[in-house]
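The values are calculated or read from the model by the stated rules, or taken from the named source; none is laboratory data. As the structure is a computational prediction, the values presented were derived from the model and not from experiment. Note: ideal-geometry Cβ built from the backbone for every residue, glycine included; neighbour counts use all protein chains shown.
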Ligand code: NA7
């Protein structure tokens with residue numbers, strides 16, 4: 001089947017997540033002919049696929065949703081400070097309908113190849129069903145957490161029970177009632193689903209390789225008074241989010257850890273423990289993430305909290321990280337997580353002491369024998385940052401494969417384009433964000449749209465980036481990533497969790513203010529260092 005017409009599209013967007021939906025909207029508003037291809041059978045991207053019980057934002061809902069329309073902000077009342085997946089999926093569907101975008105979206109359309117034609121400057125994009133589309137500009141908004149990772153455990157197909165991955169959760173509800181369930185992985189997804197499974201299952205065995213520094217999310221419903229205040233504060237909220245370092249409302253603190261005496265410090269730690277989500281990183285003592293003594297003081301406070309909640313001291317000890325400092329990995333935020341280990345039907349397996357040997361027909365085998373199971377939940381993460389881009393068969397100038405071009409890790413300019421792939425952009429991909437993703441990704445979408453508008457209005461058909469600019473931006477990302485307080489090399493932000501993946505920083509270590517100031521400078525300089533040809 002082919003849907004190729006003689007006239008290529010102006011813009012083809014791939015991915016109907018938060019970034020892709022916004023890119024579709026902006027491209028259409030800018031007057032481009034545009035379509036969007038989405039592999040899923042619904043819109044939402046990450047928030048479509050991660051529909052496991054307990055999945056929710058851990059950034060405040062009203063800071064994570066769209067801010068381009070005050071009317072949209074006013075009419076959508078988020079129910080909770082940290083919305084749960086069903087509400088998020090409803091919201092994204094509402095946005096699609098509210099702005100009449102559904103007519104441009106093709107669902108169930110997984111891209112299998114995208115090839116650039118050097119002569120015409122046109123991309124030909126093929127989907128799984130064999131359909132071909134031609135487009136001048138190809139924009140991949142395929143996200144950073146869209147390819148679930150299954151560890152290569154022997155015997156995975158031998159298990160006779162059910163297996164699900166949190167990032168590929170089935171549409172039909174998974175019933176835990178009366179079942180013997182395992183959760184493998186204790187990252188942000190694992191710790192969200194564990195308390196819910198524990199309440200329903202006959203037994204839950206948690207397989208933990210590395211303990212994480214989990215602290216309370218401190219979620220709550222948004223009261224009517226808060227709803228009214230949010231509406232009244234729209235401009236203020238937007239201004240704060242647009243000028244803060246990582247796109248959050250939480251203000252930076254003005255004191256370092258040892259500016260306070262012990263009592264003051266303890267009181268401040270209590271305030272942090274009770275504060276919502278990422279306040280524990282952003283509003284913490286200014287030196288918490290990089291002063292080792294300061295970090296140890298906070299970590300000991302958290303460890304004491306864990307010991308205070310978990311009844312069995314051996315279990316508590318296993319739940320306290322001993323191999324990385326707080327903030328070195330992306331911290332998960334939890335609700336009733338540590339309390340779950342006090343339940344009689346929950347047990348914890350320390351995989352460092354007893355690694356998984358294999359899956360058998362009956363369950364999971366470790367050095368301690370086989371744990372018989374009905375259901376295994378893989379909460380084992382994602383091929384972060386480049387996972388989706390590396391599976392789309394993308395070929396640029398002279399047939400160069402993106403995977404070969406990025407064999408040593410991604411090289412980008414502003415996290416939006418790479419050399420030798422003209423007319424191809426990837427907002428929200430590698431080097432895009434480091435904080436509140438939709439805020440950074442929205443900046444990139446706005447920028448790409450302005451760049452394409454400039455090209456069109458000046459009669460240019462091909463847009464590529466100067467290799468020198470890409471080299472210096474990528475070098476800067478790598479340099480800044482090595483400096484505290486960035487995430488450490490043990491984090492999957494360096495691709496460390498995927499065997500054989502180059503160890504390269506995948507976030508925007510420069511931060512949002514630098515991205516925004518560079519965007520302004522580029523725009524005022526006729527979009528140099530982008531190179532335009534007819
Ligand atoms: P994460 O944060 O990458 O967590 C994956 C978890 O799976 C983590 O605990 C891993 O342990 C564990 N894992 C991975 N491979 C294995 C093997 N082979 N054996 C046992 N355990 C394993 O993914 P999430 O889905 O939780 O969160 C992703 C993002 O979603 C999160 O950062 C938020 O942005 C939302 P490890 O730590 O590697 O020892």
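Among the residues here, residue 27 qualifies as in contact with a strand residue (DSSP E or B) (Cβ under 9 Å, 6 or more places away or on another chain) and closer than 29 Å to residue 394 by Cα. Taking the criterion of being within 20 Å of residue 84 (Cβ to Cβ), away from the ligand (no atom under 11 Å from the Cβ) and buried (at least 20 other Cβ atoms within 10 Å of the Cβ), the residues of the range 326-343 that qualify are 334, 337, 340. Among the residues of this structure, residue 495 counts as one that is within 16 Å of the ligand (Cβ to nearest atom), touching a residue at least 24 places away in the same chain (Cβ under 8 Å) and out of contact with any helix residue (DSSP H, G or I) (no Cβ under 9 Å at 6 or more places or on another chain).
All of 186, 166 fail the test of being under 12 Å from residue 376 (Cα atoms) and either more than 11 Å from the ligand (Cβ to nearest atom) or in contact (Cβ under 8 Å) with a residue 40 or more places away in the chain (or both), apart from 166. Inside the range 213-231, residues that are surrounded by fewer than 21 Cβ atoms within 10 Å (Cβ to Cβ), touching a helix residue (DSSP H, G or I) at 6+ places or on another chain (Cβ under 8 Å) and assigned to a strand (DSSP E or B) make up a count of 1. Going by the conditions given, is residue 387 more than 16 Å from the ligand (Cβ to nearest atom), over 18 Å from residue 471 (Cβ atoms) and out of contact with any strand residue (DSSP E or B) (no Cβ under 6 Å at 6 or more places or on another chain)? Here the answer is no, as residue 387 does not meet what is asked. Applying the condition of being out of contact with any strand residue (DSSP E or B) (no Cβ under 9 Å at 6 or more places or on another chain) and part of a helix (DSSP H, G or I) to the range 190-212 and asking which residue is farthest from the ligand (Cβ to nearest atom) yields 199. Residue 234 falls short on exactly one of the conditions (1) under 21 Å from residue 57 (Cα atoms); (2) at pLDDT below 95; (3) loosely packed, with under 15 Cβ neighbours inside 10 Å, and that condition is (2). The condition of being within 16 Å of the ligand (Cβ to nearest atom) and surrounded by 14 or more Cβ atoms within 10 Å (Cβ to Cβ) holds for only one of 131, 83, that being 83. Quick check on residue 67: is it under 23 Å from residue 433 (Cβ atoms) and either part of a helix (DSSP H, G or I) or within 16 Å of the ligand (Cβ to nearest atom) (or both)? It is false that residue 67 is under 23 Å from residue 433 (Cβ atoms) and either part of a helix (DSSP H, G or I) or within 16 Å of the ligand (Cβ to nearest atom) (or both).
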